[in-house]
Each structure stands twice: as structure tokens, then as C-alpha cells.
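Undergrad: My structure is below; once you've seen it, I'll send some questions.
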Amino acid sequence: MEYFEIIGGKRLSGEVYINGAKNAAVAMLPAALAANDVSVLENLPYIEDVHSLVDSLTKVGAKCEFTDRHTLVIDSRGVRDPLAHYESIKKTRASYYLVGVLLGRFGKAEVAIPGGCNFGSRPIDQHVKGFEALGANIKIEHGMIIAHAQKLVGTNIYLDVVSVGATINIMLAAIYAEGTTVIENAAKEPHVVDTANFLNAMGAQIKGAGTDMIRIVGVKRLHGAEYMIIPDQIEAGTYLIAAAITGGEVTVRNIIPKHMDSISAKLQEMNCKIDVGDDFVKLCVPGKLQSANIKTMTYPGFPTDLQPQMTVLLCVAEGTGIITETIWENRFQYVNELKRLGCHVTVEGRAAVVEGGIQLTGAETYATDLRAGAALVVAGLAAKGRTLVGNVKYIDRGYEELVQKLANLGAQIRRVEIEE
Ligand code: EPU
């Protein structure tokens, strides 16, 4: 089995270049199927979730060719078959975007129910509600989402919960719908805006992305587009937290600092010094880290995808902090693994009380999902001695070259194969 082996205690310093946003990339790959044409996506992160989706796109008939590590040409003229039930579909949550895009383009889609990180129930009722409101008939049978529509017609859809996936999926289905679709209580995350921008570059008419009301006027035809994906705010945040936990001095480059506001503000509150430039954020730790309370929220609030990494930081900061998870019902599973390193965290429902000031000690651990894996790596950087993080396949799904990038910053970390 593959592990990341970390010998903790090294102070991180230097610069790290941030790749394209995973959660934008995994929406934009299916979105490229909306046009019967050729599109080019630049700044794609080189991660397993992207590779699974490229595999799925190929299987539905698109021709995909990497012209370099981060640039993909997608020719979707060969896409005829709205049936997607391959193994690769089950690997990534974002495969559900194939339902929206194929339904929009062909009036039908049959897509295997996707897998992805498991942290409690991950319903898709709001996606279904949106498709049905547009006039589609949706059945969930034999592990497949089956969608059919004679014709899609624009309408008003009010989401019961703010959902990134439902917002993007409804947007994808509504591009070709007759008339105007309005999504109210829409998600405002940067990757929602980025996907809308890509679709608009292809000729869609989407307005209001980034606010809680998105208006889509249906069009008859889209064309291919060349588009550069935004940088990954969660990857950037993970490196800032890693820098903070080692008392380091690190600059994350190639980012949009505005997307980092909630994270930078929380790190400042914890006594980190933050300098912001046009495309970078620099962090250093002039004194002792102080604990803080954190509540995960939809954008522009503090992102749930940095909650596990932040819990680890609270473990070493002075004082007690409470971290409240409002997005996912069961995203504290990793705490049991973290306890192997000696942390004092008590989970009570959706909140975790984190006792700080702890010297973590290295241990063998297993990632329970992508961000949990990142959190265990962050913990290993601060722990005394050797930490092993197993189930690295989760981490590979969302972080490009995590080991190499941390090593370049001075961490003692490597990928090792250990016999069972
Ligand atoms: N929800 C419903 N019904 C739905 C859809 C969502 O009740 O039909 C609920 C969920 O149960 C959850 C909340 O709404 O409580 C938010 O879910 P959302 O739909 O926004 O999540 P998602 O689109 O499935 C994306 C990211 C996640 C990230 C969340 C929240 C992708 C592929 N995934 O998931 O990213 O945590 O938004 O920001 O974009 C990660 O990167 O590690 C990750 C898990």
C-alpha cells in the first residue's frame, strides 16, 4: 500500500505555485460537451478526478487530447450516446454534471449514480427538482439516473438548500431550454462563476453568476471556446495552513487573493501575518498561534473543504477553539484518525471542540476522504517523529504533486510503498 511518510518538525519556507481549481475543472470538463464543437481548457489540475472525468468524456464519444500537462483539447462532435455507466463515472462525484449537460444537449441522459468522497448522505434532490421544473422526467433505477425530456422550457427554480452541484447542473441543463430560467438561492462559489463564464464564452447567455440569482436565456447553438480555469482556493488554503502549523513563511502564487478572503481573515485572527499582492498571499507567523472559532459556510464564508485542515491547526494553537460544520452532516470522521497523533478533539454533533497547545506525535493514519487526507498530512508536518498517511488515492484525487510541492518548501515528506 502507498503511504505518505512525513518526518515532522520542519519549518516550511518559500513559494508554491497553485494549480487550477479542482471543483471548477470537474464542472468544466462535462460543460465542454454542451457544444457540438472543439473546446480547449487550460490550467486543468493534473489530478485523479480530472483523469476519471476525461475517461468518462472519452467513453461518451468525445475526443480528448492533452497538448501539455495542463491543457486539454476536447472535441465533442462525436458525442452521440447520452448513456454513461462506466467505472470512471462512479469514481468521481462530479460525474453528475453529465446528467445536466447531456439532458440539455440531447433531451436525454442515463448516468450511473456517482461515487466520490463519503462524508454522510449526499442527496441530489435539488438537481432532480431543477431538471423536473425544466420539464424533464427523472427516474433513479438500477443505480442509474435516467432523465428524459420532450422539450426543456425555462422556469423559476428556488433551491431549498444552497448547492454548488445543483446550481451548476441546472445551469447546464437550462442553456438550451426555451425561454428564461431563473435559479434563486443559487450557490455563489468562484467555481460556479467560472463555469458560467466558460459557458458564456461558448455562446450561452447566463447572467448573475456569483449572486444568489442566476438568469439563463436559452440559446439554439453553442460553439467551442478556449478557457483558462481559475486557481484552486482550497489548494492555496491548504498550503497556508501547512505553513502556519510549522511557523513557516510561505507565499502561495498564481491565485486570486479575493477568493482567499475568509481564509486569510481567519489566519490573521489566529495571529498569522498575511500580505496580499495581485496574485499571491504570503503568510508568516510572528508570534504564537492563537485559537479561534470557525463556522463553515457557503461562499464567501469559510469553506467546508478547509475545515479538517483548520481543525489540525487549532490543535497546536493556544487556547480552545470550536469548529462548526454547517454544510456536511458528517465531516468529522477524520477526527478518530487525528487522535492517533494525540489531539484533543471532542465532536458533538456538527461541532468539534478543539483543545489547543498540543504537541502532536507521529503515528500511522488513514485518509478517510480527500480533505481529511490533506489534514493528516498537515498534522504530520507538525508532529514529532514519523507520520504515515495511508489511502493516498483520496489525496491524489484533488492535489497535484502535494508531496513534491511540500518537499520544495522544506518538508521532509515522501511517497512510500509499504507491504501489508
Ligand atoms: N444538498 C442537498 N440536496 C442536493 C444537493 C445538495 O440537500 O440536491 C445538500 C448537501 O447534502 C450539503 C449541501 O447541500 O449539505 C451542499 O452541497 P453541494 O451540493 O453544494 O455540494 P456538492 O456540489 O456535492 C461541492 C464540492 C465539494 C464541496 C461542496 C460544498 C464538487 C465536485 N464538490 O459538492 O467539494 O464540499 O460543494 O462547497 O464541486 C471537496 O473538494 O473535497 C469537496 C467535497
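Undergrad: Modelled label-to-label distance, Val161 and Ile256, 7 Å Cα→beta-carbon offset: nm?
TA: 2.6 nm
Undergrad: Obtain the nm distance between the two label points defined at Lys220 and Glu42 by a simple spin-label model: each point lies 7 Å from its Cα along the Cα-to-C-beta direction.
TA: Going by the 7 Å Cα→Cβ label model, 3.2 nm.
Undergrad: Here's something else I'd like to know. Rg (Å, one decimal) plus Dmax (Å, integer) for the alpha carbons of segment 195-250?
TA: Expressed in Å, the Cα Rg and Dmax of segment 195-250 come to 17.8, 55.
Undergrad: Apply 1/(1 + (r/R0)^6) to the Cβ-Cβ distance of Val182 and Thr71, taking R0 = 30 Å, and write down the FRET efficiency to the nearest 0.05.
TA: So the FRET efficiency works out to roughly 0.30.
Undergrad: Please state the shape class of the chain: rounded when a/c is under 1.5, otherwise prolate if a/b exceeds b/c and oblate if not, all from the C-alpha gyration tensor.
TA: It is prolate, given that a/c is not under 1.5 and a/b is the larger ratio.
Undergrad: Which value in Å is the Kirkwood Rh of segment 154-210 over different Cα pairs?
TA: When all Cα pairs of segment 154-210 are included, the Kirkwood radius is 11.2 Å.
Undergrad: Accessible surface of Thr67 in the full protein assembly, 1.4 angstrom probe, to the nearest 10 Å²?
TA: My reading of the accessible area for Thr67 is about 90 Å².
Undergrad: What whole number of Å gives the distance from the Cα centroid of segment 330-390 to the Cα centroid of segment 100-177?
TA: Comparing the Cα centres of segment 100-177 and segment 330-390, I get a distance of 36 Å.
Undergrad: Full extension from Glu419 to Lys59: what is 0.36 nm times the residue separation minus their Cα-Cα distance, to one decimal in nm?
TA: 126.2 nm
Undergrad: In nm, what is the difference between 0.36 nm times the number of residues separating Asn137 and Asp278 and their Cα-Cα distance?
TA: Between Asn137 and Asp278, full extension yields 46.1 nm more.
Undergrad: Any idea how far the Cα center of segment 63-92 sits from the one of segment 206-274, in Å?
TA: Segment 63-92 and segment 206-274 have Cα centres spaced 25 Å from each other.
Undergrad: A further question on this structure: Considering only DSSP beta bridges where both residues belong to segment 22-228, give the percentage that are antiparallel (nearest 5).
TA: 75 percent
Undergrad: Separate question: With label points built 7 Å along Cα→Cβ from the Cα atoms of Arg386 and Tyr17, find their separation and express it in nm.
TA: 3.3 nm
Undergrad: Can you give the helix-only mean residue ellipticity at 222 nm for the chain, where every DSSP H stretch with n ≥ 4 adds -39500 (n - 2.57) and the sum goes over all residues, rounded to the nearest 500 deg cm²/dmol?
TA: Calculated mean residue ellipticity at 222 nm is -9000 deg cm²/dmol.
Undergrad: For the chain, take the longest principal axis of its alpha carbons; what is the angle in degrees between that and the long axis of helix 307-316, to the nearest 10 within 0 to 90?
TA: Result, in degrees: 10.
Undergrad: Could you tell me how many cubic angstrom of Cα convex hull volume segment 22-228 has per residue?
TA: Output value, Cα hull per residue: 99 Å³.
Undergrad: If I stretch the segment between Glu269 and Leu83 completely, what's the gain in nm (0.36 nm per residue apart, minus their alpha carbon distance), one decimal?
TA: Residue separation times 0.36 nm, minus the Cα-Cα distance, leaves 62.0 nm.
Undergrad: Something else about it: In debye, nearest 20: dipole of the chain around its Cα centre with unit charges on the Cβ of K, R (+) and D, E (-)?
TA: 340 debye
Undergrad: Here's a follow-up. Too long at a 25 Å Cα-Cα cut-off: which of Lys10/Lys295; Lys188/Lys339; Lys91/Lys207; Lys384/Lys405?
TA: Result: Lys10/Lys295; Lys188/Lys339; Lys91/Lys207 exceed 25 Å.
Undergrad: With N set to the number of residues, divide the alpha-carbon radius of gyration of segment 1-128 by 2.2 N^0.38 Å and report two decimals.
TA: 1.21
Undergrad: Going Cα to Cα from Lys273, which aspartates and glutamates come in below 13 Å? Please leave out same-chain ones fewer than 8 positions away.
TA: In chain and number order, the partners are Glu249.
Undergrad: Considering segment 1-53, what Rg and Dmax in Å follow from its alpha-carbon atoms?
TA: In Å, with Rg to one decimal and Dmax whole: 16.6, 53.
Undergrad: Could you give the angle, 0 to 90 degrees to the nearest 10, between helix 164-174's Cα long axis and the longest principal axis of the Cα atoms of the chain?
TA: The angle comes out at about 20 degrees.
Undergrad: Counting Lys and Arg as +1 and Asp and Glu as -1, each charge on the Cβ, what is the dipole of segment 22-228 about the Cα centre in debye, to the nearest 20?
TA: For this selection, approximately 360 debye.
Undergrad: Can you send over the solvent-accessible area of Lys384, 1.4 Å probe, protein chains only, in Å² to the nearest 10?
TA: 140 Å²
Undergrad: Quickly rank 329-336, 392-399 as a protection proxy: mean count of other C-beta atoms within 10 Å, highest first.
TA: Packing proxy ranking, top to bottom: 392-399, 329-336.
Undergrad: Apply the Karplus parameterisation 6.51 cos²θ - 1.76 cosθ + 1.60, with θ equal to phi minus 60°, to every residue of segment 43-54 and state each ³J(HN,Hα) to the nearest whole Hz, in sequence, with x for glycine and proline.
TA: My calculation for segment 43-54 gives 6, 6, x, 8, 9, 4, 4, 5, 5, 4, 5, 4 Hz in order.
The values are calculated or read from the model by the stated rules, or taken from the named source; none is laboratory data. All figures in this text were calculated on a predicted structure; none of them were measured in a lab. All Cβ positions, glycine included, derive from the backbone under ideal geometry; neighbour counts span all protein chains shown. Keep in mind that these areas ignore ligands, DNA and RNA; they rest on the heavy atoms of the full protein, side chains included. Shrake-Rupley method; radii C 1.70, N 1.55, O 1.52, S 1.80 Å.
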